[in-house]
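Note sheet for the following structure.
None of the figures in this text is laboratory data; all of them are computed from the coordinates on show. Keep in mind that what you see is a predicted model, and the values were worked out from it rather than measured. Cβ placement follows ideal geometry from the backbone for every residue including glycine, while neighbour counts extend to all protein chains displayed.
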Amino acid sequence: MKRLKPPASPTTAVHGMDDDPVVQGLLVTISQKRLRPGAKLGEDRLAEAFGTTRIHIRQALAHLASRHVVTQIPNRGAFIHTPTWEEAQAIFAARRIIEAAAVEAAIDRLDDRAIEALNAHAAREAADSKNDRWSSLALTADFHVLIAELSGNPVLLEIARGLILRTSLAIATFETPGSHDCSPEAHPDIADLIIARDKVGALAALSHHLGEMEARIRPAGAVADPNDIGAILKDVGIKPMRRRQSHV
Ligand SMILES: [Zn+2]
C-alpha cells in the first residue's frame, strides 16, 4: 500500500484536514455504516491500515472529534461517537432548517449546470438501486450534499455535510430494525420540484422526506418487543384492515 503523506504542518493541517485521506477514509466507512457508533479506533491499527504515521492518525482523530464524529476519552483512546437521543433530535431539527435554506438558495440560482447535476445524480441513483446496500447508502446521502452544493454557499455546505454525517451516526445508534437513511424514491420528486422552481412544493417534499427519515429512529428501549407482533407491524406501517361487513 502506498504510504500516505502526513499533513505538512500543524497550520496547514487545520484547514486541509477535511480532505485528508485518513479523515475521508473514516468518514466513508461511517457514512456506509461499516464503522458503528462506539467502535474503538486504535491508533496503531489505523496507522498500519492507512500506511501512515501515528502522529498523522492522531491529527485525523482530533479533527474528527472537532466535528463530533469521534469521541476521545483520556487513557482509553478514540471511539466512533455515539450520539444521545437529544442530540439525534437536534441534528434532525438543524437539518430541517439548513436543508430548507439550501433548497431555496438552489432554486434562486438554478442554472443549466445545476439542472444537469440534479439529473445526473438521479440517473446514478436509479442505476445504483440495483447494486449493494452499502454503496446505495453512501449515494443517497450524496443527494443532500448536492443540494447544499447547489446553494452556492460554502459555509452552508460545510454545516450540511457535518449534519448529514452525524445523521448517519444517529440512525446507526437509534435505528429500528430494517431502517434506512433515505427512501431514495423521495429524491427524484425533490429534484423535479427544484428544477421546476417550485419552492413551496420542494420544501414540502423535503420536509416530508426528513420526517420519514426521523420516524425511523426511536429512543433506546422504545423499540418494539420482538414478541409484540402488533407493535412490530405498526412500526413498519402496516395498519389493521377495516373489518369486512359480514354478508351471512
Ligand atoms: Zn434523502
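The packing ranking, built from the mean of other Cβ atoms within 10 Å per residue, places the peptides 188-199, 159-170 in the order 159-170, 188-199, highest first. Determine, from the Cβ-Cβ distance of Val200 and Thr29 and an R0 of 45 Å, the FRET efficiency 1/(1 + (r/R0)^6), rounded to the nearest 0.05. Result of the calculation: an efficiency of 0.75. Applying 1/(1 + (r/R0)^6) with R0 = 22 Å to the Cβ-Cβ distance of Asp128 and Arg36 gives a FRET efficiency near 0.45.
Stretching Ser66 away from Asp112 to a fully extended chain increases their span by 12.9 nm, per 0.36 nm per residue minus the current alpha-carbon distance.
In order along the stretch 90-95, the phi-based Karplus estimate (6.51 cos²θ - 1.76 cosθ + 1.60, θ = phi - 60°) of 3J(HN,Hα) comes to 5, 4, 5, 4, 5, 4 Hz; Gly and Pro are listed as x.
Extension gain, Val145-His208: 0.36 nm per intervening residue step, less the Cα-Cα distance, totals 20.9 nm.
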